[in-house]
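Asks: Starting off with a structure, shown below.
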Amino acid sequence: MVADKAADSTKDESNKLDVLSSTRTVVKNALERLGYPDEVFELLKEPIRMMTVRIPVRMDDGSIKIFTGYRAQHNDAVGPTKGGVRFHPDVTEKEVKALSIWMSLKAGIVDLPYGGGKGGIICDPREMSFRELEGLSRGYVRAISQIVGPNKDIPAPDVFTNSQIMAWMMDEYSRIDEFNSPGFITGKPIVLGGSHGRESATAKGVTIVINEAAKKKGIDVKGARVVVQGFGNAGSFLSKFLHDAGAKVVGISDAYGALHDPDGLDIDYLLDRRDSFGTVTKLFNNTISNKELLELDCDILVPAAVENQITEDNAHNIKASIVVEAANGPTTLEATKILTERGILLVPDVLSSAGGVTVSYFEWVQNNQGYYWPEEEIAEKLETIMVKSFNAIYNTAQTRRVDMRLAAYMVGVRKMAEAARFRGWV
Ligand code: NAD
């Protein structure tokens with residue numbers, strides 16, 4: 001049997017910046033400002049349900065490897081929980097919990113009938129074969145099958161998971177449920193009930209938010225210099241949309257390094273060459289580091305990779321006028337304060353990356369109806385929701401004199417708190 005370094009990963013948790021406690025700090029602050037009593041925070045500071053599973057997978061060399069996975073359901077007062085599944089070596093229990101709280105906030109911000117959920121498996125899919133990944137995906141669904149379902153908790157893609165993995169998971173759930181259950185999961189291939197526009201939805205939502213933020217700052221997106229960290233689902237589509245809109249994408253990166261060209265990178269070429277894990281920089285010799293990338297001269301910076309990238313160590317060196325968080329949790333609270341004090345417009349993750357869950361909701365509605373909408377209808381509905389949500393949060397920040405993150409949490413937490421109150425929970 002292969003040793004599972006992941007199972008003993010608690011030591012890694014202490015090295016990570018604690019995204020769960022910083023999320024709780026802002027949730028508490030938001031609830032206090034809205035006048036909710038302490039018990040509402042006590043309810044919302046943790047997921048109502050958290051499952052840890054061990055998943056045996058037969059590897060290609062014949063050995064059995066045991067993987068550790070999680071599924072967190074933050075709060076189901078509003079409706080079923082919803083959120084992606086992450087396959088990554090750095091997944092921790094705390095991270096999954098924080099991600100589930102962020103999903104609740106996103107659902108509140110874009111006004112979906114959901115609470116937040118999130119899943120994760122400690123693994124490195126870049127080192128696994130297709131067959132091993134299928135075994136892991138199916139094993140995860142078997143392990144969590146009792147607490148998920150189209151009306152309970154609906155998974156979706158996240159870091160290092162994609163429509164193929166969603167397809168295997170949907171197929172496994174349909175076998176357990178003994179029905180074809182497309183509404184069990186979103187982010188599926190179109191032929192299995194996926195929605196038009198879902199693959200690029202997160203990036204589309206970020207693009208809409210960038211346009212709104214640029215208007216507030218008097219910046220023309222056409223000709224603006226943009227840096228995007230991460231070249232996966234969110235980062236690569238975003239680079240393409242901004243490039244097509246006439247922006248100059250001067251920097252991009254992946255987990256292995258970053259590329260910089262002050263005259264603008266050839267995004268179409270890079271898109272052609274990236275692999276399914278969003279890796280492209282390995283093909284080049286003249287790379288810079290992710291750290292250097294974040295500090296490049298630019299107008300708009302979009303972290304679209306992983307957590308804790310902008311911290312108090314580099315926040316003073318950020319040159320952008322607008323920072324839009326496409327990734328979940330890329331900026332620490334200390335850095336949020338520094339950027340806001342420096343007059344940089346920081347658009348928080350729970351708002352800017354909500355396009356993904358919004359189109360996932362459209363996918364789920366289409367699955368429930370068995371009636372599918374054209375791409376233009378989805379794009380139009382998404383635009384309306386994102387513009388409205390951006391302006392609600394921007395106006396809250398202005399009128400309540402708080403930063404955009406706190407404003408977003410105030411808008412996002414309200415629906416959940418009200419639903420819990422009406423149900424008589426608090
Ligand atoms: P992805 O797996 O498609 O791509 C991730 C990218 O980040 C890749 O280019 C990878 O090389 C890079 N990366 C990984 N580790 C890195 C590191 N340590 N430093 C720098 N780069 C690193 O993932 P994605 O779906 O694009 O997700 C990216 C972020 O966006 C995540 O925070 C995710 O939670 C968030 N997000 C995604 C969606 C979605 O629908 N996919 C929705 C909302 C939020």
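Asks: For the stretch 135-151, state whether one or more residues are open to solvent by 30 Å² or more (accessible area, probe 1.4 Å) and under 30 Å from Val280 (Cα atoms).
Replies: The answer is yes, given that some residue of the stretch 135-151 is open to solvent by 30 Å² or more (accessible area, probe 1.4 Å) and under 30 Å from Val280 (Cα atoms).
Asks: Of Ile165, Ile176, which residue is under 21 Å from the mean Cα position of the chain (by Cα), closer than 23 Å to Ile66 by Cβ and at pLDDT 95 or above? If you could, list the steps in order and put the result at the bottom.
Replies: Values: Ile176 fails: under 21 Å from the mean Cα position of the chain (by Cα).
Just one listed residue meets the conditions, Ile165.
Asks: Looking at the stretch 49-78 only, could you name the residues that are assigned to a loop (DSSP other than H, G, I, E, B) and open to solvent by 10 Å² or more (accessible area, probe 1.4 Å)? Spell out the reasoning first.
Replies: Restricting attention to the stretch 49-78, the residues satisfying the condition of being assigned to a loop (DSSP other than H, G, I, E, B) are 59-63, 74-78.
Of everything in the stretch 49-78, those that are assigned to a loop (DSSP other than H, G, I, E, B) and open to solvent by 10 Å² or more (accessible area, probe 1.4 Å) turn out to be Met59, Asp60, Asp61, Gly62, Ser63, Asp76, Val78.
Asks: Which of the residues that make up the stretch 323-359 are away from the ligand (no atom under 16 Å from the Cβ) and not assigned by TED's automatic domain parsing to the domain that holds Cys298?
Replies: Of everything in the stretch 323-359, nothing turns out to be away from the ligand (no atom under 16 Å from the Cβ) and not assigned by TED's automatic domain parsing to the domain that holds Cys298.
Asks: Mind checking which residues of the stretch 308-322 are more than 10 Å from the ligand (Cβ to nearest atom) and either out of contact with any helix residue (DSSP H, G or I) (no Cβ under 8 Å at 6 or more places or on another chain) or not charged (D, E, K, R) (or both)?
Replies: Ile310, Thr311, Asp313, Asn314, Ala315, His316, Asn317, Ile318, Lys319, Ala320, Ser321, Ile322
Asks: Something else: Looking only at the stretch 119-127, decide whether some residue is open to solvent by 20 Å² or more (accessible area, probe 1.4 Å), in contact (Cβ under 8 Å) with a residue 60 or more places away in the chain and within 21 Å of the chain's Cα centre (by Cα). Working first, answer last.
Replies: Kept after step one, since they are open to solvent by 20 Å² or more (accessible area, probe 1.4 Å), are these residues of the stretch 119-127: 124, 126-127.
Subsequent filtering for residues that are in contact (Cβ under 8 Å) with a residue 60 or more places away in the chain retains 126.
Checking which are within 21 Å of the chain's Cα centre (by Cα) leaves us with 126.
There is at least one residue in the stretch 119-127 that is open to solvent by 20 Å² or more (accessible area, probe 1.4 Å), in contact (Cβ under 8 Å) with a residue 60 or more places away in the chain and within 21 Å of the chain's Cα centre (by Cα).
Asks: Please give the number of the condition Lys11 fails out of (1) at pLDDT 95 or above; (2) assigned to a helix (DSSP H, G or I).
Replies: Status for Lys11: all satisfied but (1).
Asks: When you go through (1) open to solvent by less than 10 Å² (accessible area, probe 1.4 Å); (2) in contact with a Leu (Cβ under 6 Å, 6 or more places away or on another chain) one by one for Gly115, which number turns out not to apply?
Replies: So Gly115 meets the others, but not (2).
Asks: Within the stretch 155-176, take every residue that is assigned to a helix (DSSP H, G or I) and closer than 20 Å to Tyr114 by Cβ and give me the one that is nearest to the ligand (Cβ to nearest atom). Even if it seems obvious, please write down each step before you answer.
Replies: Taking the stretch 155-176 first, the residues assigned to a helix (DSSP H, G or I) are 163-176.
Narrowing further to those that are closer than 20 Å to Tyr114 by Cβ: 166, 169-170, 173.
Working: Met166: 11, Met169: 15, Met170: 16, Tyr173: 20 Å.
This residue is Met166.
Asks: Can I ask one more? Among the listed residues Val85, Val148, identify the single one that is more than 16 Å from the chain's Cα centre (by Cα) and closer than 30 Å to Glu418 by Cα. Steps first, please.
Replies: On the way: Val85 fails: more than 16 Å from the chain's Cα centre (by Cα).
Among Val85, Val148, only Val148 is more than 16 Å from the chain's Cα centre (by Cα) and closer than 30 Å to Glu418 by Cα.
Asks: Please tell me if Ile338 is out of contact with any Pro (no Cβ under 8 Å at 6 or more places or on another chain), of a type in the set (A, V, I, L, M), touching a residue at least 60 places away in the same chain (Cβ under 8 Å) and part of a helix (DSSP H, G or I).
Replies: Working: out of contact with any Pro (no Cβ under 8 Å at 6 or more places or on another chain): yes; of a type in the set (A, V, I, L, M): yes; touching a residue at least 60 places away in the same chain (Cβ under 8 Å): no; part of a helix (DSSP H, G or I): yes.
Against the criterion (out of contact with any Pro (no Cβ under 8 Å at 6 or more places or on another chain), of a type in the set (A, V, I, L, M), touching a residue at least 60 places away in the same chain (Cβ under 8 Å) and part of a helix (DSSP H, G or I)), Ile338 does not qualify.
Residue by residue, here is whether (1) within 11 Å of the ligand (Cβ to nearest atom); (2) surrounded by 21 or more Cβ atoms within 10 Å (Cβ to Cβ); (3) not in a loop (DSSP other than H, G, I, E, B) holds:
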| site | (1), (2), (3) |
| --- | --- |
| Leu238 | yes, yes, yes |
| Gly246 | no, no, no |
| Val250 | no, yes, yes |
| Ser253 | yes, yes, yes |
| Leu259 | no, yes, yes |
| Asp263 | no, no, no |
| Leu271 | no, no, yes |
| Asp275 | yes, no, no |
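Asks: Taking interchain pairs and intrachain pairs at least six residues apart, which have beta carbon atoms under 7 angstrom, with the first residue in the stretch 86-106 and at pLDDT 95 or above and the second acidic (Asp, Glu) and within 9 Å of the ligand (Cβ to nearest atom)?
Replies: Arg86/Asp158; Trp102/Asp349
Asks: Say whether the condition of being in a helix (DSSP H, G or I) and of a type in the set (Lys, Arg) is met by at least one residue in the stretch 187-197. Break it down into steps so the answer makes sense when it comes.
Replies: As a first pass, look at the stretch 187-197 and keep what is in a helix (DSSP H, G or I): 190-192.
Now restrict to residues that are of a type in the set (Lys, Arg): none.
No, there is no match, as no residue in the stretch 187-197 is in a helix (DSSP H, G or I) and of a type in the set (Lys, Arg).
Asks: Does Lys319 count as open to solvent by 10 Å² or more (accessible area, probe 1.4 Å) and outside any loop (DSSP other than H, G, I, E, B)? Step through it out loud before you land on a result.
Replies: Details: open to solvent by 10 Å² or more (accessible area, probe 1.4 Å): yes; outside any loop (DSSP other than H, G, I, E, B): no.
Taking the combined requirement at face value, the residue does not satisfy it.
Asks: Restricting to the stretch 277-287, and then to whatever is open to solvent by less than 90 Å² (accessible area, probe 1.4 Å) and part of a loop (DSSP other than H, G, I, E, B), can you tell me which residue is nearest to the ligand (Cβ to nearest atom)? Steps first, answer last, please.
Replies: Just the residues of the stretch 277-287 that are open to solvent by less than 90 Å² (accessible area, probe 1.4 Å), to begin with: 277-281, 284, 287.
After this cut, where a residue has to be part of a loop (DSSP other than H, G, I, E, B) as well, the list is 277-280, 284, 287.
On the way: Phe277: 6, Gly278: 3, Thr279: 5, Val280: 8, Phe284: 14, Thr287: 12 Å.
Top of the filtered list is Gly278.
Asks: Can I ask one more? Being surrounded by 20 or more Cβ atoms within 10 Å (Cβ to Cβ) and in contact (Cβ under 8 Å) with a residue 24 or more places away in the chain: is that true of Asp158 here? Reasoning before the result, please.
Replies: Working: surrounded by 20 or more Cβ atoms within 10 Å (Cβ to Cβ): yes; in contact (Cβ under 8 Å) with a residue 24 or more places away in the chain: yes.
The answer is yes for Asp158.
Asks: Touching a helix residue (DSSP H, G or I) at 6+ places or on another chain (Cβ under 6 Å), not basic (Lys, Arg) and not in a helix (DSSP H, G or I): is that true of Val226 in this structure?
Replies: Numbers: touching a helix residue (DSSP H, G or I) at 6+ places or on another chain (Cβ under 6 Å): yes; not basic (Lys, Arg): yes; not in a helix (DSSP H, G or I): yes.
Answer is yes for this residue.
The values are calculated or read from the model by the stated rules, or taken from the named source; none is laboratory data. From a predicted model like this one, the values you see are computed outputs, not experimental measurements. In this analysis, Cβ positions are derived from the backbone assuming ideal geometry, glycine residues included, and neighbour counts consider all displayed protein chains. Surface areas here come from the heavy atoms of the whole protein model, side chains and all, with no ligands, DNA or RNA. Shrake-Rupley method; radii C 1.70, N 1.55, O 1.52, S 1.80 Å.
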